[in-house]
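To start, the structure itself, in structure tokens.
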Amino acid sequence: MRPVPDRDSAEWWAAVRRRELAVQECAGCGTWRFPARAYCPVCRAREWRWRVTDGRARVSSWIVAHQRFHPALAPPYTVVRVCLAQAPGCVLYGTWVGGGEPVAGEPVRAVFTEVDEGLTLIAWEPAG
Amino acid sequence: MNGLRDRTALAGVGYTGFSKDSGVSTLTLACEAILAALSDAGLTTDDVDGIATHRVGDSAAPSVVGPALGVHEPSWYLDQFGGGSVSHAVVGQAMLAVAAGVARTVVCYRAINARSEFRMGGTGRGAPPGPEVQYQAPYGYVAPPQQFAMYARAHMTKYGTKAEHFGQLAVTQRANAVRNPRALMRTPITMDDYLASRWIAEPFRLLDCCLETDGACALVVTTAERAADLRRPRVLVSAAAWGGGDSFLSGGRVDTTVSAAAELAPRLYRAAGIGPEEVDVAEIYDCFTYSVIVQLEDYGFCAKGEGGPFAASGAIGPGGRIPVNTHGGFLSEGYVHGINHIAEAVSQLRGDAGERQVAGAQVALSTAQPGYVLPATSALILRRG
């Protein structure tokens with residue numbers, strides 16, 4: 001299922017196309033945030049800049065999909081929920097490409113998967 | 001003293017039959033349930049001046065249902081966007097409208113063809129709207145059973161919650177449904193049945209998941225004073241609470257083992273002037289087994305992390321410390337998006353729950369989806385009065 005970028009997220013998806021996992025850094029208080037939006041929820045500042053992260057994260061949780069939830073995706077497949085190492089409040093989801101089963105708290109890194117000319121997605125693999 | 005406490009009442013409940021294919025429109029279901037609820041209360045459509053529902057674009061709107069029943073000029077209505085998390089907020093909003101005198105007799109309904117027309121389980125339905133979907137759907141993470149499985153796994157990891165804890169909850173609720181003539185699933189199940197049921201989204205098996213049901217349920221909200229003169233034993237709205245929080249992507253809620261109910265519960269109990277120890281029966285939103293486990297903790301029936309062992313201890317069954325989902329819940333009665341939980345609480349407090357009656361029930365808690373999809377939840381404390 002292709003993502004449908006909106007006016008807040010279009011630049012983020014463009015960064016992913018460049019194999020960059022970016023988050024916003026608030027110019028007012030320095031808080032890093034994801035997903036993209038105009039105002040900082042901590043200090044309400046509207047000025048911010050992109051920060052490219054190191055792509056490191058830790059596994060928060062995971063599931064193994066056994067039912068066919070979408071016609072285009074054949075089960076079983078594993079989806080992980082991760083918190084970024086540089087900004088644990090930034091939560092992302094992605095396909096698990098680690099082979100075995102994830103472990104809670106396991107260090108992982110982002111892997112960029114080029115689906116086609118217009119789309120790159122993020123997967124996660126063990127960083128160990 | 002909360003100025004709203006016990007000022008309004010639930011004077012009637014009504015149901016359609018539950019099925020996998022109603023064969024009729026959600027408009028028909030809504031009208032049937034509303035007429036049944038009014039009849040239960042001893043009222044007619046001439047008395048109705050308020051209409052409310054919650055829905056996600058899948059059902060007949062109050063602006064359609066009102067005229068269809070000949071209610072042409074309601075003085076108040078509410079068409080609340082949202083799923084199970086706002087189910088109890090609808091009744092809370094009706095409470096406000098009635099207490100303020102804006103309306104005198106409000107019908108709250110939920111009509112849904114959740115099996116035959118608009119499945120929520122992730123097959124044959126597009127992704128729901130919302131800005132966060134784009135970050136999840138491309139990975140095949142699209143459906144509620146996956147989301148709640150993700151949160152259940154985190155609870156298992158952090159607190160040692162086991163499959164058998166989820167299983168005992170499913171077994172207990174099925175046993176309750178056996179005593180409920182309305183329930184769709186009335187064949188008893190065992191722990192072996194639970195463990196042998198197929199994986200949906202690991203760690204969830206089929207029997208962790210609620211039914212997808214066609215049906216409708218409606219409630220009549222009026223003033224406490226008026227309810228005293230109506231035909232059924234009076235059930236007072238002691239407290240309603242609803243509210244938001246942070247979504248999981250907003251950066252505010254990273255630890256998913258604590259639900260929005262943990263923030264809501266103190267406010268709810270304060271408004272009612274009671275604590276969890278005074279609740280006799282609890283109808284807890286059970287879209288999945290895990291959502292009950294976490295709410296048992298967050299509504300204060302056991303310590304944080306102990307919801308699994310508590311649910312498996314017998315404490316939530318008939319004669320236990322706090323009987324839960326006496327109707328069988330979404331897992332076994334049917335899925336009417338929260339309204340059938342409120343209706344069951346009313347039935348328990350009126351003492352007309354038949355074989356599944358909790359003896360002497362005076363106070364009931366009924367809860368909504370605890371904020372795991374939209375960052376909001378809602379709940380009611382009801383009291384026989």
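The values are calculated or read from the model by the stated rules, or taken from the named source; none is laboratory data. In this text the structure is predicted, and so the values were computed from the model without any measurement. Every residue, glycine as well, gets a Cβ built from its backbone with ideal geometry; the counts of neighbours run over all protein chains shown.
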Exercise for the section: Could you please tell me which pairs satisfy a Cβ distance under 8 Å, a separation of 6+ or placement on different chains, a first residue in the range B:261-288 that is closer than 19 Å to B:Leu349 by Cα, and a second residue that is assigned to a helix (DSSP H, G or I) and among the acidic types (Asp, Glu)? Expected result: B:Glu283/B:Glu344
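Looking only at the range A:1-47, filter to residues that are among the aliphatic types (A, V, I, L, M) and away from every other protein chain (no Cβ under 11 Å); which one of those is surrounded by the fewest Cβ atoms within 10 Å (Cβ to Cβ)?
Only one residue fits best here, namely A:Ala38.
Within the group B:Leu380, B:Leu349, which residue is in contact with a Ser or Thr (Cβ under 7 Å, 6 or more places away or on another chain) and at pLDDT 95 or above? Even if it seems obvious, please write down each step before you answer.
On the way: B:Leu349 fails: in contact with a Ser or Thr (Cβ under 7 Å, 6 or more places away or on another chain).
Selected residue: B:Leu380, the only one of B:Leu380, B:Leu349 that is in contact with a Ser or Thr (Cβ under 7 Å, 6 or more places away or on another chain) and at pLDDT 95 or above.
Rundown of residues vs (1) outside any loop (DSSP other than H, G, I, E, B); (2) touching a Pro at 6+ places or on another chain (Cβ under 9 Å); (3) touching a residue at least 12 places away in the same chain (Cβ under 8 Å), yes/no style:
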position	(1), (2), (3)
B:Leu296	yes, no, yes
B:Phe301	no, yes, yes
B:Phe310	yes, no, yes
B:Gly320	no, no, no
Practice task
Would you be able to tell me the number of residues in the range B:311-339 that are β-branched (Val, Ile, Thr) and under 13 Å from B:Val178 (Cα atoms)?
Solution key: 1
Exercise for the section: Kindly indicate whether B:Ile316 is crowded, with 24+ Cβ neighbours inside 10 Å and either of a type in the set (A, V, I, L, M, F, W, C) or in a loop (DSSP other than H, G, I, E, B) (or both). Expected result: yes
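Okay, residues lined up against (1) of a type in the set (A, V, I, L, M); (2) assigned to a helix (DSSP H, G or I); (3) within 30 Å of B:Thr28 (Cβ to Cβ); (4) more than 21 Å from the chain's Cα centre (by Cα):
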position	(1), (2), (3), (4)
B:Ser87	no, yes, yes, no
B:Met95	yes, yes, yes, no
B:Tyr109	no, no, yes, no
B:Pro131	no, no, no, yes
B:Arg153	no, yes, no, yes
B:Thr157	no, yes, no, yes
B:Leu169	yes, yes, no, no
B:Thr172	no, yes, no, no
Practice task
Kindly indicate which of A:Ala36, A:Ala104, A:Ala45 is over 19 Å from B:Tyr135 (Cα atoms), in contact with a helix residue (DSSP H, G or I) (Cβ under 7 Å, 6 or more places away or on another chain) and assigned to a loop (DSSP other than H, G, I, E, B).
Solution key: A:Ala104
Exercise for the section: Those residues that are buried (at least 24 other Cβ atoms within 10 Å of the Cβ) and of a type in the set (Phe, Trp, Tyr), I need them from the range B:197-234; list them, please. Expected result: B:Phe204
Practice task
Only one of these is of a type in the set (A, V, I, L, M), crowded, with 19+ Cβ neighbours inside 10 Å, modelled with pLDDT of 95 or more and farther than 20 Å from B:Leu211 by Cβ: B:Val102, B:Val107, B:Val13. Name it.
Solution key: B:Val107
Fill in the blank from the handout: Conditions (1) β-branched (Val, Ile, Thr); (2) at pLDDT 95 or above; (3) within 27 Å of B:Gln146 (Cα to Cα) -> A:Val52 fails only (3)
Handout entry: Flag if A:Ala57 is in contact (Cβ under 8 Å) with a residue 60 or more places away in the chain, over 16 Å from B:Tyr139 (Cα atoms) and either facing another protein chain (nearest Cβ under 10 Å) or buried (at least 19 other Cβ atoms within 10 Å of the Cβ) (or both)
Key = yes
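Please indicate, with yes or no, whether at least one residue in the range B:337-351 is assigned to a strand (DSSP E or B) and surrounded by 24 or more Cβ atoms within 10 Å (Cβ to Cβ).
Narrowing the range B:337-351 to residues assigned to a strand (DSSP E or B): none.
Checked against the condition, which is being assigned to a strand (DSSP E or B) and surrounded by 24 or more Cβ atoms within 10 Å (Cβ to Cβ), the range B:337-351 yields no hits at all.
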Practice task
Within the range B:63-89, work out how many residues are without any contact (Cβ under 8 Å) to a residue 60 or more places away in the chain, under 29 Å from B:Ser291 (Cβ atoms) and touching a Leu at 6+ places or on another chain (Cβ under 7 Å).
Solution key: 1
Practice task
Please enumerate the residues belonging to the range B:45-78 that are at negative phi, in a loop (DSSP other than H, G, I, E, B) and in contact with a helix residue (DSSP H, G or I) (Cβ under 6 Å, 6 or more places away or on another chain).
Solution key: B:Ser59, B:Ala60, B:Leu69, B:Val71, B:Pro74
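How many residues does the range B:33-54 hold that are touching a residue at least 40 places away in the same chain (Cβ under 8 Å) and more than 20 Å from the chain's Cα centre (by Cα)?
Initial filter on the range B:33-54 (touching a residue at least 40 places away in the same chain (Cβ under 8 Å)): B:33-34, B:36-38, B:40-43, B:47-54.
Still in the list and also more than 20 Å from the chain's Cα centre (by Cα): B:38, B:40-43, B:47-50.
Total satisfying the criteria: 9.
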Practice task
Sort out which residues of the range A:98-118 are at pLDDT 95 or above and aliphatic (A, V, I, L, M), and write them in order of number.
Solution key: A:Val103, A:Ala104, A:Val108, A:Ala110, A:Val111
Practice task
Output yes when any residue across the range B:146-161 is within 14 Å of chain A (Cβ to nearest Cβ), surrounded by fewer than 24 Cβ atoms within 10 Å (Cβ to Cβ), touching a helix residue (DSSP H, G or I) at 6+ places or on another chain (Cβ under 9 Å) and aliphatic (A, V, I, L, M), and no when none is.
Solution key: yes
Completion exercise
Within the range B:176-220, the count of residues that are touching an Asp or Glu at 6+ places or on another chain (Cβ under 8 Å), part of a helix (DSSP H, G or I) and within 14 Å of chain A (Cβ to nearest Cβ) comes to 1
Practice task
Please name all residue pairs, on different chains or six or more residues apart, with Cβ atoms under 8 Å, provided the first residue is in the range B:221-232 and is part of a strand (DSSP E or B) and the second residue is polar (S, T, N, Q).
Solution key: B:Val221/B:Thr8; B:Val221/B:Thr105; B:Thr222/B:Thr8; B:Thr222/B:Thr105; B:Thr223/B:Thr8
Handout entry: Hits in the range B:16-32 - residues which are within 18 Å of the chain's Cα centre (by Cα), part of a loop (DSSP other than H, G, I, E, B) and crowded, with 21+ Cβ neighbours inside 10 Å
Key = B:Thr16, B:Phe18
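Which of the residues spanning the range A:48-62 are among the β-branched types (Val, Ile, Thr) and part of a loop (DSSP other than H, G, I, E, B)? Spell out how you get there, then give the answer.
Step one: list which residues in the range A:48-62 are among the β-branched types (Val, Ile, Thr), which gives A:52-53, A:59.
The one that is among the β-branched types (Val, Ile, Thr) and part of a loop (DSSP other than H, G, I, E, B): A:Thr53.
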Exercise for the section: Output the number of residues of the range A:69-103 satisfying the condition of being facing chain B (nearest Cβ under 7 Å) and not aliphatic (A, V, I, L, M). Expected result: 11
